[in-house]
1. Which of the lysines could be linked to residue 86 by a straight reach, that is with a Cα gap under 19 Å, when you skip same-chain ones fewer than 8 residues away?
2. Tell me, in nm to one decimal, what length is gained between residue 86 and residue 114 on full extension, where the rule is 0.36 nm per residue of separation less the Cα-Cα distance?
3. Need one number: nm distance between label points at residue 220 and residue 48, each 7 Å from Cα along Cα→Cβ, rounded to one decimal.
4. Any idea what % of Cα-Cα pairs in the range 71-163 are farther than 23 Å?
5. So what is the relative contact order for the range 172-232, in percent, with contacts set as C-alpha pairs under 8 Å and at least six apart?
6. How many nm separate the modelled label positions at residue 16 and residue 202, each set 7 Å beyond the Cα in the direction of the Cβ?
7. Would you mind calculating the relative contact order of the range 79-237 from Cα pairs under 8 angstrom and at least 6 residues apart, reporting the percent as a whole number?
8. For the pair residue 166/residue 183, report the inter-label distance in nm, with labels modelled 7 Å from Cα in the Cβ direction.
Amino acid sequence: MNSFSNVDRQEIDKFDRVGQLWWDPAGKMGMLHVINPLRCRFVADHARIDKARALDVGCGGGILAEALAKAGAQVTGIDLSQQTLKIARQHAAGSGLPIDYRLLTVEELAQREAGSYDIVTCMEMLEHVPEPAAVVDACTRLLKPGGQAFFSTINRNLKAWLFAIVGGEYVLRILPRGTHRYSRLVRPDELRAWAAASGLVFDGVASLMYNPLGRRFHVAYGREDVNYMACFTRTRG
Ligand code: SAH
């Protein structure tokens with residue numbers, strides 16, 4: 001598979017249409033704003049963000065990228081949605097943050113800038129690509145030896161189907177309908193196997209536990225639940 005075929009154009013079109021709503025906490029991407037402080041905390045618990053060279057893969061409107069930049073990282077963000085990158089650039093300029101946003105695949109960037117980053121984040125993106133293992137592998141190649149990768153995604157089991165798809169999209173309607181396709185969701189053991197195969201060592205996992213009363217999440221460390229995130233380190237050599 002070449003780097004250009006690991007893309008689902010329908011997914012990209014969907015994100016192209018989000019437009020200004022990327023930065024509306026009450027809009028359809030609102031959940032990303034709610035969970036962002038929790039995932040930043042997870043990154044900060046495992047890595048030194050200040051002065052780190054960080055890459056955010058599938059950066060969207062830059063919600064996570066901006067938070068990393070505010071925490072002192074030198075951030076590059078990549079995505080394939082042109083409209084989304086336009087919003088991300090405008091917003092970063094308005095926030096006075098020098099984030100380098102680029103339209104290219106992670107596989108392409110891995111060919112050009114292998115071994116360049118201290119931190120690679122790839123959040124809520126693996127479940128939107130045809131070959132997530134190839135994305136994990138490219139993220140690994142982009143890390144310096146000893147650098148850390150952070151992935152977050154949604155589990156693929158009955159509970160995840162009930163909570164993330166039926167509950168999230170149809171009952172509570174906290175996610176737009178059609179956000180997730182069940183077959184694309186990623187089990188934690190799959191993510192760990194892809195990571196291990198590409199030379200990453202597992203550091204830790206945590207899940208975002210949702211409390212529908214108050215639209216609040218809390219982080220359960222060590223747990224692989226519905227919406228989980230994991231940290232890995234690239235081994236030396
Ligand atoms: N990571 C951001 C946005 C998540 S939404 C956040 O958590 O705040 C998923 C993003 O992945 C969208 O912006 C979409 O355009 C992007 N995406 C989907 N497939 C992609 C691919 N193959 N390469 C790069 N970005 C992709």
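1. Cross-link targets: 14, 28.
2. Gain in length upon complete extension: 7.5 nm.
3. Between residue 220 and residue 48, the simple spin-label model gives 3.4 nm.
4. Tail of the P(r) past 23 Å holds 32 percent of the pairs.
5. Values: 65 pairs, mean separation 18.2, N = 61.
Result for the range 172-232 is 30 percent.
6. So the label points at residue 16 and residue 202 sit 3.9 nm apart.
7. 23 percent
8. The answer from the label model is 2.1 nm.
Bear in mind these aren't lab numbers, they're just calculated from the coordinates by the rules spelled out. Please read these numbers as outputs of a predicted model, since none were measured by experiment. So basically every Cβ, Gly included, is an ideal-geometry build from the backbone, and we count neighbours across all protein chains shown.
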